[in-house]
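Visitor: One structure, pasted below without further comment.
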Amino acid sequence: MWAVLKYKKNELNFLKNDLKRTLGNLPIIFVPKIKYQVLIKNKIKFKEKDILEDYLICYHKEFSNKNLYGILKNLRGLKYFLQNFQNNQKEIINFIDYCKNNQGKDGYIKQSFFDFSNITKGMFVTGPFANMIFNVIEKQKNKLKIL
């Protein structure tokens, strides 16, 4: 079963070690990253960033055991488990597949991950229309007509 965890950035190695010790073996951990360029003192440097910030997705067959949560929630480096991950397995798997389809050979997410040309529905996050859902009626070069 897939689970979404929020972790303390500087204690990721402690979390991995505690997961391995508690579960018997290390779960499959998925952390999608992007690679980007930064100009520092007229030199181009490459940096990487987790697109999920301080969240990670991991799979282990023992995550289906509800009695295990009491032990796992006290692991060093773990802030918390996201709620209802048991009910959202399909969405988690779809997100992982979408990330893997948009990964390059080097394992980093490509620009095509951020292509939103096929969106038909959406929701405003902030502003006067916050939390309102809309349907895309028409797409132009840099405009959307919504309902």
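The values are calculated or read from the model by the stated rules, or taken from the named source; none is laboratory data. In this text, all values refer to a predicted model and were calculated from it rather than measured experimentally. Cβ sites come from the backbone with ideal geometry, for glycine too, and all protein chains shown count toward neighbours. The area values use the complete protein model at the heavy-atom level, side chains included, leaving out ligands, DNA and RNA. Shrake-Rupley method; radii C 1.70, N 1.55, O 1.52, S 1.80 Å.
Visitor: Pairs under 8 Å by beta carbon, first residue without any contact (Cβ under 8 Å) to a residue 12 or more places away in the chain in the stretch 28-41, partner of a type in the set (Phe, Trp, Tyr) and open to solvent by 60 Å² or more (accessible area, probe 1.4 Å), six or more apart or different chains?
Guide: Correct list of pairs: Gln37/Phe46; Val38/Phe46.
Visitor: Another question about this same structure. Looking at the stretch 124-137, is at least one residue open to solvent by 80 Å² or more (accessible area, probe 1.4 Å), farther than 27 Å from Lys6 by Cβ, aromatic (Phe, Trp, Tyr) and more than 14 Å from the chain's Cα centre (by Cα)?
Guide: The answer is yes; a qualifying residue exists.
Visitor: Related question: Criterion first (open to solvent by 90 Å² or more (accessible area, probe 1.4 Å), basic (Lys, Arg), more than 28 Å from Tyr98 (Cα to Cα) and modelled with pLDDT under 90) does Lys61 satisfy it?
Guide: No.
Visitor: In addition: Scanning the stretch 90-121 for residues that are small (Gly, Ala, Ser) and at pLDDT below 85, which turns out farthest from the chain's Cα centre (by Cα)?
Guide: Ser117
Visitor: Do we have any residue at all in the stretch 6-28 that's part of a strand (DSSP E or B) and open to solvent by 80 Å² or more (accessible area, probe 1.4 Å)?
Guide: Yes, the conditions are met somewhere in the stretch 6-28.
Visitor: Another question, then. Are any of the residues in the stretch 37-45 surrounded by 12 or more Cβ atoms within 10 Å (Cβ to Cβ), in a loop (DSSP other than H, G, I, E, B) and either out of contact with any Phe, Trp or Tyr (no Cβ under 9 Å at 6 or more places or on another chain) or of a type outside the set (Asp, Glu) (or both)?
Guide: No - not one qualifying residue is present in the stretch 37-45.
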